[in-house]
1. Can you give me the number of residues within region 108-136 that are β-branched (Val, Ile, Thr) and open to solvent by less than 50 Å² (accessible area, probe 1.4 Å)?
2. Of all residues in region 220-231, count the ones that are under 15 Å from ASP130 (Cβ atoms) and either in contact with a helix residue (DSSP H, G or I) (Cβ under 6 Å, 6 or more places away or on another chain) or surrounded by 15 or more Cβ atoms within 10 Å (Cβ to Cβ) (or both).
3. Of the residues GLY193, GLY187, which is within 19 Å of GLU81 (Cβ to Cβ), crowded, with 16+ Cβ neighbours inside 10 Å and without any contact (Cβ under 8 Å) to a residue 60 or more places away in the chain?
4. Looking only at region 109-157, count every residue that is over 21 Å from ILE215 (Cα atoms) and of a type in the set (A, V, I, L, M) and tell me the total.
5. Being of a type outside the set (A, V, I, L, M) and modelled with pLDDT under 85 is the filter; apply it to region 81-100 and report the residue that is surrounded by the most Cβ atoms within 10 Å (Cβ to Cβ).
6. Which ones in region 196-219 are surrounded by fewer than 17 Cβ atoms within 10 Å (Cβ to Cβ) and of a type in the set (Asp, Glu)?
Amino acid sequence: MALSRSSRRIAQALVGVGVSALAFAGIMLAPRTAHAQRVYVYSSRPAPPVYYGGGGYYARPAQPYYYQEPMYQTQLGFDLEGVAPLNAPSVAGGPAAIGGGAGFKVRVGEEMRFPGSGVRLTPEVGYAYDHMWAADNLGDGYDWSMNRLFAGARLGFGRILVPSVYAHVGYGWRQTNAVYVTGQNGGLAFDVGGAIDLRVVPHVGFGVHLEYSQITTDVDQPQWLAIGAHADLIF
């Protein structure tokens, strides 16, 4: 049986209302457990922590630079010094007057440190040259050139300010143009002295020294004091 136009409109309206009611009921009856999720975005991972403690990670505090000296190290030393004679040879008419002079040394040795005591022992070898000017009672001038090849040792104490004592023995010879000098001008040579070194720069040391030296010859025994400064390169 055919429906009239008005009946069809009423049927369409009822269908629309029914669909809307079903949609509303579906929304109301849906579970309410869904929530918005938080999303975290990180940049590149930080560097690994240095150490862990107290419930978190901490960066290690900056440490001051500290140079640890090795137990054994080679030393190359250079000495510059002024010299003053302690005796003068006898010449015709009286003793000669020796005015003074200057000199240098080159040393190489192996320093050994004794841990816990601050003691340093350095066996070493080297060459020394000292030049002195002399004059006799007549006013004639002479030159004395002292050469020494030596071996010995240094004994020091401390880490930054290092006082030390040393001694060497070897062969020495004197070169001179003095006419009164005859015979053998070479013989046993030795020295003893003391020094103070400053060790504040890694691989370098500076200091001052005072030394007594002597060469035993057939003619006389030249003796002199030397005072000066020195530097050591430490490898």
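1. Kept after step one, since they are β-branched (Val, Ile, Thr), are these residues of region 108-136: 108, 119, 122, 125.
Subsequent filtering for residues that are open to solvent by less than 50 Å² (accessible area, probe 1.4 Å) retains 119, 122.
So the count comes out to 2.
2. 6
3. Numbers: GLY187 fails: within 19 Å of GLU81 (Cβ to Cβ).
Selected residue: GLY193, the only one of GLY193, GLY187 that is within 19 Å of GLU81 (Cβ to Cβ), crowded, with 16+ Cβ neighbours inside 10 Å and without any contact (Cβ under 8 Å) to a residue 60 or more places away in the chain.
4. The total comes to 5.
5. Selected residue: PRO89.
6. Hit for region 196-219 is ASP218, nothing else.
A quick yes/no check of all residues on (1) small (Gly, Ala, Ser); (2) within 16 Å of TRP224 (Cα to Cα); (3) at pLDDT 95 or above:
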position: ALA102; (1), (2), (3): yes, yes, yes
position: GLY141; (1), (2), (3): yes, no, no
position: GLN175; (1), (2), (3): no, yes, no
position: GLN184; (1), (2), (3): no, no, no
position: ALA195; (1), (2), (3): yes, no, yes
position: VAL200; (1), (2), (3): no, no, no
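The values are calculated or read from the model by the stated rules, or taken from the named source; none is laboratory data. Here the structure is a predicted model, which means the values were calculated and not measured. A quick note on method: Cβ atoms are made from the backbone with ideal geometry, for glycine too, and the neighbour counts reach across all protein chains shown. Quick note on the areas: whole protein, heavy atoms, side chains included, nothing else; ligands and nucleic acids left out. Shrake-Rupley method; radii C 1.70, N 1.55, O 1.52, S 1.80 Å.
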